[in-house]
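First comes the structure, then the notes that go with it.
The values are calculated or read from the model by the stated rules, or taken from the named source; none is laboratory data. Only a predicted model underlies this, so the values are computations on that prediction, with no experimental measurement involved. Methodologically, a virtual Cβ is constructed for each residue, glycine included, from the backbone with ideal geometry; neighbour enumeration extends over all protein chains shown. These accessible areas exclude ligands, DNA and RNA; they are computed on the full protein's heavy atoms, side chains included. Shrake-Rupley method; radii C 1.70, N 1.55, O 1.52, S 1.80 Å.
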Amino acid sequence: MPSPQRSTGLPDVDAHRLLTRIRELAKIGADPRGGVTRAGFSAADRLGIAYVADQARGAGLEAEVDQAGNLIVRRPNADRSRPAVLMGSHLDTVVQAGPLDGAYGVLAALDVVQVLAGYQEPLRYEPVAIAFANEEGALFPCPFWGSLAVSGRLERTADDLVDRSGCSLREPLRAIGGDPDAVAAAKWRAGSIGAYLELHIEQGPALEGTGNRIGVVEGITGRTVFSVTVHGAAGHAGTVPMDYRADALTTAARVVLAVEELARSQEVCTVATVGRFQIEPDVTNVIPGVVRMTIDVRDLSPQRLRGAEEALYAALATVATDTRTRVQVEVTDRITGAVTDPGLRATIRAAADELGLPSLDLPSGAGHDAQMIAPVAPIGMIFVPSEGGVSHVPEENTSDDDLVAGARVLLRTAMRIGLDDPS
Ligand code: GLV
Ligand code: MN
Ligand code: MN
């Protein structure tokens, strides 16, 4: 069981309730291969959203799904004219994910709103919890769909977004409670978000490695995603002599190594990853004719990201020339990084200090909905340690003590910014 917090005489999160909800939600979309798979707008995602909405309604809170499929939870009779201290994250996952990425931040935000529903003092900012739709984009390739809609920056429509089998988002969005013809109405009006707070597992090794309990996020990485197609020449695996070949797969292998080199040796960006890879025709006795892959390049600095893009084009041109193949490259996503608000950082640090929790300022290498909200509201992010620094895998874990500690910091931070007199 989590260790008791220092007594402050102030409202506290309900540790047992929070941990129980985390465990129950992890069963929804449990993947027979291991981990949890609740791809955004899938049937499992729908069940996850329904679970959280039921928990909220069962606690006497108001829960509604907006036009873009975001679940929003408010106190009963919430004052909608006040700016919100909006708190949340996402419920969708990657394939065979862990139980905490996104879900933890949503369930902690729900607990905070539930606690503050019973708080009698007037709050300057109305506490609101949100589960943003499709942060990961595992099924429909538009990560941050929900937070882009809330900040009014969504450029795609439900009709032009299709999954791998060619089905549009229209029906899945409707099934989740959204409205494919009115997604733009999910935008929050200017000034209505007084602050956005996202509590999340770190997904990296810094907190565990330094013995800190709380991370105060300084900024969130930017990211450029490329789609690359290598066009070689398919042929008979037994009859085409090696010197006559234009093998798309051996060329693709060079591309993969060049991508690694960009981040590792050239250090033009922080990290670079080939995450998807498809071979055509994918047959034992045929020389691969076409290979498709994705490249995900990340850095906090927009200048370094642009530099990495130039370096990537140069590397791919060299590979293509050396191998007599055609290497086609296209940018499919440019996600701008974001800096967190210095005032919110100080408030999070103060909340951690008040609870006796050592904290560390650190950057985020993972993307978060917070970065989509950053252009329209001040953002703050709180991290808790990830055991072994791992995430996006079934082994993802954080101790109960740390999960509860993070939720307490979220509550104290929300109260500090929500109360006229936060003492
Ligand atoms: C989101 O989880 C990311 O890929 O950073
Ligand atoms: Mn993730
Ligand atoms: Mn996440």
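Which of the residues that make up region 259-311 are acidic (Asp, Glu) and open to solvent by 40 Å² or more (accessible area, probe 1.4 Å)? Within region 259-311, Glu260, Glu261, Glu267, Glu280, Asp282, Glu310 qualify.
Return yes or no: is Ala350 surrounded by fewer than 22 Cβ atoms within 10 Å (Cβ to Cβ) and either over 23 Å from Ser265 (Cβ atoms) or within 16 Å of ligand 1 (Cβ to nearest atom) (or both)? Here the answer is yes, as Ala350 does meet what is asked. Among the residues of region 114-138, those identified as more than 22 Å from Ala184 (Cβ to Cβ) and within 16 Å of ligand 3 (Cβ to nearest atom) are Ala129, Glu136, Ala138. Restricting Arg276, Arg245, Arg223, Arg264 to those that are of a type in the set (Lys, Arg) and in contact with an Asp or Glu (Cβ under 8 Å, 6 or more places away or on another chain) reduces the list to Arg223.
Residues checked against (1) out of contact with any helix residue (DSSP H, G or I) (no Cβ under 7 Å at 6 or more places or on another chain); (2) over 24 Å from Ser227 (Cα atoms); (3) within 16 Å of ligand 2 (Cβ to nearest atom):
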{"site": "Thr270", "(1), (2), (3)": "no, no, no"}
{"site": "Ile287", "(1), (2), (3)": "yes, no, no"}
{"site": "Gln303", "(1), (2), (3)": "yes, no, no"}
{"site": "Gly307", "(1), (2), (3)": "yes, no, no"}
{"site": "Thr318", "(1), (2), (3)": "yes, no, no"}
{"site": "Val339", "(1), (2), (3)": "yes, yes, no"}
{"site": "Pro342", "(1), (2), (3)": "yes, yes, no"}
{"site": "Leu362", "(1), (2), (3)": "no, yes, no"}
{"site": "Ala377", "(1), (2), (3)": "yes, yes, no"}
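Among residues that are within 16 Å of ligand 1 (Cβ to nearest atom), assigned by TED's automatic domain parsing to the domain that holds Ala109 and in contact (Cβ under 8 Å) with a residue 60 or more places away in the chain, Leu154 is not included. Residues in region 358-381 that are more than 13 Å from ligand 3 (Cβ to nearest atom) and touching a strand residue (DSSP E or B) at 6+ places or on another chain (Cβ under 6 Å): 11 in all. Total residues in region 353-383 satisfying the condition of being in contact with a Lys or Arg (Cβ under 8 Å, 6 or more places away or on another chain) and either away from ligand 1 (no atom under 13 Å from the Cβ) or among the charged types (D, E, K, R) (or both): the figure is 9. Restricting attention to region 183-204, the residues being under 19 Å from Gly105 (Cα atoms) and away from ligand 2 (no atom under 16 Å from the Cβ) number 5. The residues in region 29-39 that are touching a strand residue (DSSP E or B) at 6+ places or on another chain (Cβ under 8 Å) and either crowded, with 19+ Cβ neighbours inside 10 Å or outside the structural domain of Asp101 (by TED's automatic domain parsing) (or both) can be counted, and the count is 5.
Of the residues Asp322, Asp402, Asp353, the single one that is outside the structural domain of Gly146 (by TED's automatic domain parsing), assigned to a helix (DSSP H, G or I) and either within 15 Å of ligand 3 (Cβ to nearest atom) or of a type outside the set (Val, Ile, Thr) (or both) is Asp322. Cβ separations smaller than 6 Å between residues 6+ apart or across chains give the following pairs from region 85-106 residues that are within 14 Å of Leu410 (Cα to Cα) and open to solvent by less than 10 Å² (accessible area, probe 1.4 Å) to residues that are part of a loop (DSSP other than H, G, I, E, B) and more than 12 Å from ligand 1 (Cβ to nearest atom): Val85/Tyr125; Val106/Leu91.
Among the criteria (1) more than 31 Å from the chain's Cα centre (by Cα); (2) more than 16 Å from Ala315 (Cα to Cα); (3) of a type outside the set (Asp, Glu), the one Thr250 does not fulfil is (2).
Against the list (1) in contact with a Leu (Cβ under 8 Å, 6 or more places away or on another chain); (2) open to solvent by less than 30 Å² (accessible area, probe 1.4 Å); (3) away from ligand 3 (no atom under 16 Å from the Cβ), the condition Gly178 fails is (1). Listed conditions (1) within 25 Å of Glu126 (Cα to Cα); (2) in contact (Cβ under 8 Å) with a residue 24 or more places away in the chain are all met by Arg57, apart from (2).
Taking region 314-335 as the range and being of a type in the set (S, T, N, Q) and buried (at least 16 other Cβ atoms within 10 Å of the Cβ) as the test, the residues that pass are Thr323, Thr325. Being within 16 Å of ligand 2 (Cβ to nearest atom), assigned by TED's automatic domain parsing to the domain that holds Gly178 and farther than 17 Å from Leu403 by Cβ is the requirement here; does Glu121 meet it? For Glu121, the condition - within 16 Å of ligand 2 (Cβ to nearest atom), assigned by TED's automatic domain parsing to the domain that holds Gly178 and farther than 17 Å from Leu403 by Cβ - is not met.
Among the residues of region 360-399, those that are surrounded by 19 or more Cβ atoms within 10 Å (Cβ to Cβ) and part of a helix (DSSP H, G or I) comprise Ala370, Gln371, Met372, Ile373.
Residues in region 136-174 that are assigned to a loop (DSSP other than H, G, I, E, B) and among the basic types (Lys, Arg): Arg153, Arg156, Arg164.
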